[in-house]
Amino acid sequence: MASINKLPPMSDEQRAEALAKAAAARRQRAEIKALLKTGSLTLDEVFERAETDDIVAGTKVYPLLASMPRMGKVKAMRLMEELQIAENRKIRGLGSRQRVNLLNEFA
């Protein structure tokens, strides 16, 4: 029986290119979280970047909130539950009210 989710075969060059692209995306997400943690970047600025940058738009909300100053994993999870945001929600998937509510929390 064939696997339903089988990936198409990739050449070594294609695989290396995909790995490099994924590593760059991880570095960019880590950089954004580090800037949030130090206060050099605001949540509003992250939302603005997400409108033009697919990597930022595809970043999950929970890790971003957990990296905010004075906000740890537990507080981030409580806030997401309070604002009715799913744990696996990405920035691009946030509704307009959810964005406004998040921005009000950190204003």
Quiz item: Among Glu51, Glu45, Glu13, which is over 30 Å from Glu105 (Cβ atoms), out of contact with any strand residue (DSSP E or B) (no Cβ under 6 Å at 6 or more places or on another chain) and acidic (Asp, Glu)?
Solution: Glu13
Quiz prompt | Those residues of segment 60-107 which are closer than 16 Å to Thr42 by Cα, in a helix (DSSP H, G or I) and in contact with a Gly (Cβ under 7 Å, 6 or more places away or on another chain), in sequence order | solution = Ala66
Exercise. For Lys75, indicate whether it is within 16 Å of the chain's Cα centre (by Cα) and charged (D, E, K, R).
Key: no
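Rule-based calculations on the coordinates, nothing more; no lab input. Worth saying up front: this structure is predicted, and the values here are computed from it rather than measured. Every residue, glycine among them, receives a Cβ derived from its backbone with ideal geometry; neighbour counts consider all protein chains shown.
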